[in-house]
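Quick notes on the structure that follows.
The values are calculated or read from the model by the stated rules, or taken from the named source; none is laboratory data. These numbers were taken from a predicted model, which means no experiment stands behind them. Using ideal geometry, Cβ is built from the backbone for each residue, glycine included, and neighbour counts are taken over all protein chains shown. Surface areas here come from the heavy atoms of the whole protein model, side chains and all, with no ligands, DNA or RNA. Shrake-Rupley method; radii C 1.70, N 1.55, O 1.52, S 1.80 Å.
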Amino acid sequence: MPRAGLCSCWGGQILPLLLAYICYLLLGATIFQLLEKQAEAQSRDQFQLEKLRFLENYTCLDQQALEQFVQVILEAWVKGVNPKGNSTNPSNWDFGSSFFFAGTVVTTIGYGNLAPSTEAGQVFCVFYALMGIPLNVVFLNHLGTGLRAHLTTLDRWEDHPRHSQLLQVLGLALFLTLGTLVILIFPPMFFSHVEGWSFREGFYFAFITLSTIGFGDYVVGTDPSKHYIAVYRSLAAIWILLGLAWLAVVLSLGSLLLHRCSRLWLLIRGLDLKDGTAPDSDPRPQKIPISA
């Protein structure tokens, strides 16, 4: 019997979900290939052309010497050293940058543009992540749980007058709107201004960061030609933590706001139970748990 139950669960729930998951990955792979493969080939051809032009202008170099120099540049980039500029470039491991890196570790963003290069740093990073990632998850979970516990005090909101219900819905909508502006609109505008990006690039960076994808193609505070304030990357790390906390709040408030809007719409249209649409039933609307 347990084996039959396991097979039924696998066939009824897990297998369709697995197939949907695989199909979603295949769809993403196909679209990304169509969108990016040709651009990659063009970039590769352009890079090879630039190398040939460089050799033509500097005849004292040969192909092997140039390849060795490119390898040196790549190794420097892997170690977090920007090939642009000179030795006066700001350190990637000052306190502000280190604080930013610590934030990317515990939030699992991991841009990939910077990593410990020493043996001691790599060992410490492992143990720091082992402790920091669970701490970050617990913090975000407790934040969402605390918010839901606070919202349970509003569970009997349908007993309030209609104008009070409307004010509650408008208050939730205003809270979500202001939070979205503070977390997802104003920071990309600020980063775009400081880094010289377009707003599209700034919003792309914000989304990729707060979703913890962290490709590393756009990272704040890495352009050696710009003079950043000392706390710039520290402020970016604080924004990341606040942004992740905001996402936890949105997940708790989103379903509540949708429920409130649907109930208010029914009240406005006169379709609620108190208007007599179901006289044989309990005139009080059925409560829907907020934590659902």
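Brief remarks follow.
- Computed E for ILE31/MET189 - FRET, C-beta separation, R0 25 angstrom, nearest 0.05: 0.30
- In this view, the solvent-accessible surface of LEU244, computed with a 1.4 Å probe and all protein chains in place, comes to about 20 Å².
- Computed over Cα pairs, the Kirkwood radius of segment 12-74 leads via Stokes-Einstein (1.567 mPa s, 4 °C) to a diffusion coefficient of 85 µm² per second.
- If R0 is taken as 22 Å, the Cβ-Cβ distance between LYS79 and TYR21 corresponds to a FRET efficiency of 0.05.
- Once both labels are positioned 7 Å from their Cα atoms along Cα-to-Cβ, the gap between ASP62 and LYS226 label points is 4.3 nm.
- At full extension, HIS142 and GLU40 could sit 32.4 nm farther apart than now, given 0.36 nm per residue minus the alpha carbon distance.
- Per atom type, segment 93-139 shows carbon and sulfur on 77% of its accessible surface, probed at 1.4 Å.
- HN-Hα J in Hz across segment 123-135 - Karplus 6.51, -1.76, 1.60, θ = phi - 60°, x for Gly and Pro: 5, 5, 4, 4, 6, 5, 5, 4, 8, x, 5, x, 4
- Here each label is just a point 7 Å from Cα along the line to Cβ, and for ALA102 and GLU201 those points are 3.0 nm apart.
- Accessible surface computed residue by residue for segment 196-244, with neighbouring protein chains in place and a 1.4 Å probe, gives 50 Å² per residue.
- Applying the Karplus relation 6.51 cos²θ - 1.76 cosθ + 1.60 with θ = phi - 60° to segment 114-119 yields 3J(HN,Hα) values of 8, 7, x, 10, 8, 5 Hz, where x marks Gly and Pro.
- Residue order by solvent-accessible surface for PHE124, PHE199 is PHE124, PHE199, largest first, with ligands and nucleic acids left out and a 1.4 Å probe.
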